[in-house]
Every structure is written in C-alpha cells, then in structure tokens.
Amino acid sequence: MPDLLLELFSEEIPARMQRQAADDLKRLVTNALVDRNLLYEGAQAFVTPRRVTLHVVGLPAAQPASREERKGPRVGAPEAAIRGFLKSAGLARIEDASIEKDPKKGEFYVAIIEKPGSSTKDALAEILPAIVRAFPWPKSMRWGAASVRPDPLRWVRPLRGILCTLATPHDVAEIVPFDLVGLASGDVTWGHRFMAPAPITVRRYDDYADALQKAKVVLDADRRKAIILADAKSLAFAQGLELIEDEGLLEEVAGLVEWPVVLMGEFEPAFLDIPPEVIRATIRANQKCFVLKDADGNLANKFILVSNLVASDDGAAIAAGNGRVVRARLSDARHFWLTDLADLPDYKDKGKPLDQRLAKLEALGIVFHEKLGTQAERIERIESLARELAPKIGADVELAARAAKLAKADLVTEMVGEFPELQGLMGRYYALAQGEEPSVAHATEEHYKPQGPNDRIPTAPISIAVALADKLDTLGSFWTIDEKPTGSKDPYALRRAALGVIRIVLENGLRLPLTGPLNAAIWGALLDIEFAREDQAGSVVQSLERRGFPKGPELEEVVGAFTRAARRSPAPDDARLRETTTSLLAFFADRLKVYLRDKGARHDLIDAVFALPGQDDLLMIVWRVEALGRLLDTEDGKNLLAGYRRAANILRAEERHDGAGAFNRAHDPARLVLPAEKDLADVLAAAGAAARERVGREDFEGAMRALAALRAPVDAFFLDVTVNADDPALRLNRLRLLGELRDAMHAVADFSRVAG
C-alpha cells in the first residue's frame, strides 16, 4: 500500500498562520481522498517557516471498481425516453440493458454500469492542484510574471517548489505529476536557507525526514518548541536564573526558525527601574525574546533569544546585536515612563498627572462609540455606577468613585499608546506614583478583570465596584443602542462582560440584585444619547445663564451635577428602560446557564428558577438551583415531580375548557369527601406555608424539604380520587386543590420547566 508525501515549499510563512495551514492541508487532502473512496490508515501534517508537509500512509493502489444499477423506462416506452436512458447509462443499444419485472409497474429496463477504479496516482494528480489553488490562507498574494494571468496562483508567500511522491516500502517512488502555472511537482526539496541551501532529492517520508534533519531543518514544530524550552531553561539555570515561560511566545518563535539555537543576551541593570511588565512587553513584542528572573523572583538584566543558525563565534555577535536593539527599545520605554510621570504642560492646572491625562482625554473628544458619545462621557457613567454599587458591596463610595474616574486615564499615556496590552496595569503604576490610595490604584488595573474564563477576578471591594461598573455600563450602553451579540458574532465582547459580572458576583459571594444597577447603566446611556441628539446639555446651560448664573467653570460644574444626578435617578416609567432591562436580564440568564452548565448544573433547573418573577439576584438563583437539584436527586423529589406533572397536565386540559384562572381560588374544605383529598389538603396547607416562609428567609433547602412532605399524599390522591367527578361542584373543588398544589410548588421553582 503506497504512502503519499506532499511538501509545499515557499518563502517564509507568518508564524501565526502555520499551525492552521498544516491542519487545513491535512483536512482538505484526507477529505478529498475519502470522497473518492481512497481510504487510508493514517495522516500527519508538519510545518516549518518555509514548508507545509503532509504524510499519508496506507493508501490503496487504486480506487475500487464501482457497479451501479440504473433503472430505465418501461418496456415499450416512447423512443425519446429510450434514447435518453441509453445516453445517460452509456449504452449503445437497448439490447445491452436487462429487463426486470415489477408486479405493479410491469417490465422496465435496467442498465448495469461498471466502472474500473482509477489509480491513486491519477486521482491525486486531479485532487491536489485544486486544493493548492483554493487553499484557505487568511491572506494570500500573487507574484512574478504569472500574476497578470486571468487566474493566477495565489499563496501566502511565493510558492517555490512542490514535492509530491507516492511510494511503497520496497518499490521505487513515483512522482505524482501535476503543474501549477509552470510550477511542476517533483521529488526535490531544500534544506536550511543558509546552512544547507542545496536541493535534496527524496523518495519517501523516511528519506525526507532524515535528509531535512541533516540539512539543519527540524520538521516537527512541537519538537522545535521542546528544543527551545529545554535549552532556554538549561542556559538560564547555568547562570543562576529562571526562565519566565510564555507559551504564546514559544509557539511564535518556533514558527520563526527551522533550526533553533538558543542564546543569551543582556542589557544594563539601570533599565530595571522601569516596571518589569514594561520590560517584558518591550523585549517580547519587539525582539521576540524571553525574559529571566533571579532567585528572588526579580527580573534579571538578561534575556533569551532564539537564532536560526549556528554561528562560527557561538552566537556572540548575534547576542550582542540583539542586546543593542533591546537597549534601544528599553530607552524608548524609559522615556515613555518618565514622560507619563511628568506634568502635561497644557494641563498643569488640572491636578495630578493622571487628572491631567483625563483633562486631555476630554479635550481631545476621543469617541468611545459613535452612538454612545466620548470616553469622557463614559467615564462619568462608570463613576456614577461605581457610586451606586459601592455601598451594596461594602466599598467606600468616594474611593470607588475616584478609582472609577482614574480607571481609563492611562489610555492617553505614552506607554499605553505603545503597548495597548498594558492598559490598566500602567494606570496602577501611575496612580501609586502620584500618591493615590493603594486600593484605588489596584482598582484601576483590576477593573478590566476577568478577561476570560481562567482569568482571576477582583476581590477587593473598591476593585469589585469599579469592575462591575465598567462591565455593566458596557452591557447597558450597547443594549440601549441594540448592538447585541448575534450567533458567533460579538464584536464588543458583551458575552465576556456578562460572564465577568457573573463570576465577580458568585465567586465573591455577593448579594447584588441586578435590576437596579442595570436600570442605572441603561438610563445613563439613554440620557447621554438624548443629550447628544437634542443638545439638552446646551439647553440647561442657556436656561441657567438666563437665570443669572455666570459663565465659566462654576456653570459647567452645575450642569455636570445635574447630569450626574439624572444618571442616578432612572425614570421608573420609561418604557425603553423597562424593555431594555428585561432583555438584558434574559441575556444574563443565558450566560448564567452557560456558566453553571460548565460547573455541572442542569440548564432546565436554571430555567425553572429564572421563570419565577423578580429573579435578578445571581447568588440566590444559584442557591435555589442547587437546592432544587438536591431535591430532584431523591426518590421523594422524583415522585413529587411526577405528581406535579400529572396535576399540571390535568389543570392545563381543564383550563382549556373552563378558561385560564378558573381554578385559582381556594378550595372549599366542606366539599372534601375522600380521606385522600382531605389528607392532601391538610399536608398542602402546612407544607405550602412552610415552603413560602422558608423561601422568604432564603432557606431554600428547608423549602425543598417542606415540599418533599407532599410526596405521599399526592401519590395517594391520584390513586384514590377521581378529579373529574360527575358532580360539577366536587370536580371544581378538586381542581382548585390541584391548583393550590401547583401554586405551592411554584413558590420554590417553576417545575414545568424541569426536563426528564
């Protein structure tokens, strides 16, 4: 059984595209083989900066022959139908077809079409050119004289060679022949660009892998990663240092070299005065190098770089050259750091450096979103929300407001302009440098968290208040302008924001009903939208001027106080507010389902709890879900659910006849006849009252235990009592009793939403 070896050799492929390219090549080729009934034993793809390789083992020598029966027209059918059948079946005359009989339809013609399978080599020669031409690169280019053709070949970088052979273990390998715009397939590859540039002729995969290894190419990307990591750790250990591992950088660097050689460079210790995160970001982003730490955990003034060749001086010149570039980059970073700590000449009267940056941000009118106004307006909304949230989570109101005000100030610093990934973190450094309370400084960094399911959450009260305010403002604002996630599209990361709110609330054990904060967030956005649309702020200014208020900062402060007060006072009867808040709470319900499902909870139990009115306290919802799950795991709970369903089905059927709400009144104790219905009424009165009382004091376990007492009388009721009695009054009384059962259970959860 032959094996396929395919290599597509090109100029350097961007590291970020390499893994996906290998996966795509494997998927496209193997799918095409299976579609042609060419089943194989295994396939493996490899990628280096200059080649994408596929090795498929255990292919058949040829496609299996096929046999198809094609049913034709009836015997005696018109001549035109006969001719059409002969043409489609590839027959010369009707006598070449057989005749079969059908008891109902009579005799009809049948053609037996047998096709020999084509060779695997021929099939591949047809399959592969189409795959190469339509390869799904994120970006591609055309090149050379062929680029002006009507249908030029496109590739991520100029394609220089195609190696394609089909070989059996003991026979001579064959080239699978095909041509792509003058580039013919063959049995030649090339080694390392500098250390082994000569062409190499290969026959099969074993020859190919061995030849590349000798030609200074490590074919397997995972092996290159392992070499880099092991050598980097060894080199660091030899210097008494420790490598700060970085999986993303390791993956990228492994995609930049075919023959990894790990070296160590250094820079002046004086640069260690810069925040360590800045040093790491500078060295990582600009030089693709790893940083090191000493035995005390402090950043060292040395770094690890990965070269793509073995130098005659053991890499001394390469390390020195990288050191010079790193020093230049760190000089720039130090300049940014010192500039950001200094006053802004045009804004010195605005207070501390971060306050000056805020004034600059406002003066520049940087837009947050075209429909939601500027960043400065958003900061005011977040500050207002933080003030509202702070007392509910035990945070100091003024400190929370100060942290919210400063949280976005670093967006206009030089450092964040150069390294956007440091936003928040640099805010903390600058806040500490200007003497802010440590809790305020840490909140400026942590208000972005969590940024993913595995990111840590803020736990300090000030940080929690600002992080929640930031996320709730984002959600409320974009919901207000109807920019909601759709399908897989979520350009403003609203799902992540909602999950962040859920994690902060639940993992900190916060009792925080969401309706109030969401109303405030949505109302603040609505207010800013109205101000922007109708220039209401300007109208307020003009009105105050007419009343004798002097122009200037005092008037602006009065207007600011007016807008802040308006943000904190949502109009309770505003229809847009109610509709938007309801929609956003439903979104939180969906995100909570995802969060709890990942924790092992059942989504139907979440539905059963959320179906109750006024469910906006996430922690209480989780407690209810957990208690409901424990009840339904017991035998009493399962039988009670079955009894509830029977009662609910009977009520639903009878309400279609008697009308909705026909059985919502209390039953008449005097009309209870049978012992089973009397017992149910007695137990229901006690259990229902106990369940409601325990729900009122949030003892959901106790409420579930109270409901469990209904199991036996409910079973006995359905065993001994005919609900639809002939006596209309008796029937009505029994249906009302079942209605009370349904209402009692709905005090805890909507059991109609429970599956199974």
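Can you tell me which residue is least open to solvent (accessible area, probe 1.4 Å) among those in region 21-30 that are within 14 Å of LEU4 (Cβ to Cβ) and without any contact (Cβ under 8 Å) to a residue 40 or more places away in the chain? Even if it seems obvious, please write down each step before you answer.
Taking region 21-30 as the starting set, the residues that turn out to be within 14 Å of LEU4 (Cβ to Cβ) are 25-26, 28-30.
Keeping just the survivors that are without any contact (Cβ under 8 Å) to a residue 40 or more places away in the chain gives 26, 30.
Values: LYS26: 79, THR30: 11 Å².
Out of the qualifying residues, it is THR30.
Filter region 218-272 down to the residues that are outside any helix (DSSP H, G or I) and under 31 Å from the mean Cα position of the chain (by Cα) and list them by number.
Start the filter on region 218-272 by keeping residues that are outside any helix (DSSP H, G or I), which leaves 218-220, 239-246, 255-268.
Of everything in region 218-272, those that are outside any helix (DSSP H, G or I) and under 31 Å from the mean Cα position of the chain (by Cα) turn out to be ASP220, LEU243, ILE244, GLU245, ASP246, GLY255, LEU256, VAL257.
Close contacts from region 262-277, counting a first residue that is closer than 21 Å to ALA317 by Cα and buried (at least 17 other Cβ atoms within 10 Å of the Cβ) and a second that is modelled with pLDDT of 95 or more and aromatic (Phe, Trp, Tyr), with Cβ to Cβ under 8 Å and a gap of 6+ residues or different chains, come to MET264/PHE303; GLY265/PHE303; GLU266/PHE303; PHE267/PHE303. Which condition from (1) open to solvent by 10 Å² or more (accessible area, probe 1.4 Å); (2) farther than 25 Å from GLU693 by Cα is the one that ASN733 breaks? So the condition that ASN733 fails would be (1). For region 685-709, a residue qualifies if it is open to solvent by less than 10 Å² (accessible area, probe 1.4 Å) and within 13 Å of LEU737 (Cα to Cα), and exactly one does: GLY688.
Taking region 609-653 as the range and being among the charged types (D, E, K, R) and either crowded, with 20+ Cβ neighbours inside 10 Å or touching a strand residue (DSSP E or B) at 6+ places or on another chain (Cβ under 6 Å) (or both) as the test, the residues that pass are ASP616, ASP617, ARG624.
Of the set (1) modelled with pLDDT under 85; (2) touching an Asp or Glu at 6+ places or on another chain (Cβ under 8 Å); (3) of a type in the set (A, V, I, L, M, F, W, C); (4) loosely packed, with under 14 Cβ neighbours inside 10 Å, all apply to ALA666 but (1). The combined condition, being within 23 Å of ASN454 (Cα to Cα) and open to solvent by 10 Å² or more (accessible area, probe 1.4 Å), is fulfilled by PHE587.
Of all residues in region 143-164, those that are part of a loop (DSSP other than H, G, I, E, B) and among the aromatic types (Phe, Trp, Tyr) total 1. The strands (runs of 3 or more DSSP E) located wholly in region 273-374 that include 3 or more residues which are modelled with pLDDT under 95 occupy 367-369.
If you check LEU128 against the conditions, is it crowded, with 17+ Cβ neighbours inside 10 Å and part of a helix (DSSP H, G or I)? Considered against the rule, which asks whether it is crowded, with 17+ Cβ neighbours inside 10 Å and part of a helix (DSSP H, G or I), LEU128 comes out as yes. Quick check on region 379-396. Is at least one of its residues more than 27 Å from TRP337 (Cβ to Cβ), of a type in the set (Val, Ile, Thr) and either touching a Cys at 6+ places or on another chain (Cβ under 6 Å) or buried (at least 17 other Cβ atoms within 10 Å of the Cβ) (or both)? Within region 379-396, one or more residues are more than 27 Å from TRP337 (Cβ to Cβ), of a type in the set (Val, Ile, Thr) and either touching a Cys at 6+ places or on another chain (Cβ under 6 Å) or buried (at least 17 other Cβ atoms within 10 Å of the Cβ) (or both).
Tell me, please, whether a residue that is under 30 Å from LEU250 (Cβ atoms), not in a strand (DSSP E or B) and not aromatic (Phe, Trp, Tyr) can be found in region 165-184. Reasoning before the result, please.
Applying the first criterion (under 30 Å from LEU250 (Cβ atoms)) to region 165-184 yields none.
For region 165-184, residues under 30 Å from LEU250 (Cβ atoms), not in a strand (DSSP E or B) and not aromatic (Phe, Trp, Tyr): absent.
One residue stands out in region 288-344 among those that are out of contact with any Ser or Thr (no Cβ under 9 Å at 6 or more places or on another chain) and of a type in the set (Ser, Thr, Tyr): the one that is farthest from PRO420 (Cα to Cα), namely SER312. When ARG16 is tested against (1) in a helix (DSSP H, G or I); (2) charged (D, E, K, R); (3) surrounded by 13 or more Cβ atoms within 10 Å (Cβ to Cβ); (4) out of contact with any Leu (no Cβ under 9 Å at 6 or more places or on another chain), only condition (3) is not met.
Answer yes or no: is there a residue in region 114-125 that is open to solvent by 20 Å² or more (accessible area, probe 1.4 Å), without any contact (Cβ under 8 Å) to a residue 24 or more places away in the chain, part of a helix (DSSP H, G or I) and of a type outside the set (S, T, N, Q). Working first, answer last.
Filtering region 114-125 for residues open to solvent by 20 Å² or more (accessible area, probe 1.4 Å) gives 114-119, 121-122, 125.
Imposing the further condition that a residue be without any contact (Cβ under 8 Å) to a residue 24 or more places away in the chain reduces the set to 122.
From what is left, the residues that are part of a helix (DSSP H, G or I) are 122.
Those left that are additionally of a type outside the set (S, T, N, Q): 122.
So far as region 114-125 goes, yes, one or more of its residues are open to solvent by 20 Å² or more (accessible area, probe 1.4 Å), without any contact (Cβ under 8 Å) to a residue 24 or more places away in the chain, part of a helix (DSSP H, G or I) and of a type outside the set (S, T, N, Q).
Do any strands (runs of 3 or more DSSP E) entirely within region 20-110 hold 1 or more residues that are closer than 30 Å to GLU258 by Cα, and if so, which?
42-48, 51-57
Results for (1) modelled with pLDDT of 90 or more; (2) among the small types (Gly, Ala, Ser); (3) closer than 21 Å to LEU605 by Cβ; (4) within 44 Å of the chain's Cα centre (by Cα), shown as yes or no for each residue.
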position	(1), (2), (3), (4)
TYR644	no, no, yes, yes
ARG652	no, no, no, yes
ALA690	yes, yes, no, yes
GLU693	yes, no, no, yes
ARG705	no, no, yes, yes
ARG711	no, no, yes, yes
LEU730	yes, no, no, no
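Hey, could you check region 397-409 for residues that are farther than 17 Å from LEU475 by Cβ and in contact (Cβ under 8 Å) with a residue 60 or more places away in the chain and say which is surrounded by the fewest Cβ atoms within 10 Å (Cβ to Cβ)? Step by step, filter region 397-409, then rank; the result is LEU399.
Against the numbered list (1) buried (at least 22 other Cβ atoms within 10 Å of the Cβ); (2) among the aliphatic types (A, V, I, L, M); (3) farther than 30 Å from HIS335 by Cα, VAL440 comes up short only at (3).
Each row is one residue, and each column tells you yes or no for (1) under 20 Å from ASP528 (Cα atoms); (2) assigned to a helix (DSSP H, G or I); (3) among the aromatic types (Phe, Trp, Tyr).
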| residue | (1), (2), (3) |
| --- | --- |
| ALA404 | yes, yes, no |
| VAL440 | no, yes, no |
| ALA443 | no, yes, no |
| TYR448 | no, no, yes |
| GLN451 | no, no, no |
| ARG456 | no, no, no |
| THR459 | no, no, no |
| ASP482 | yes, no, no |
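Assess whether ARG495 counts as being in contact with a Lys or Arg (Cβ under 8 Å, 6 or more places away or on another chain), surrounded by fewer than 17 Cβ atoms within 10 Å (Cβ to Cβ) and in a helix (DSSP H, G or I). Reasoning before the result, please.
Working: in contact with a Lys or Arg (Cβ under 8 Å, 6 or more places away or on another chain): yes; surrounded by fewer than 17 Cβ atoms within 10 Å (Cβ to Cβ): yes; in a helix (DSSP H, G or I): yes.
It is true that ARG495 is in contact with a Lys or Arg (Cβ under 8 Å, 6 or more places away or on another chain), surrounded by fewer than 17 Cβ atoms within 10 Å (Cβ to Cβ) and in a helix (DSSP H, G or I).
The values are calculated or read from the model by the stated rules, or taken from the named source; none is laboratory data. This structure is a prediction, so every number in the text was calculated from the model and none was measured. Heads up, the Cβs are rebuilt from the backbone with ideal geometry, glycines too, and the neighbour counts pull from every protein chain shown. Note: areas computed on protein heavy atoms with side chains; ligands, DNA, RNA excluded. Shrake-Rupley method; radii C 1.70, N 1.55, O 1.52, S 1.80 Å.
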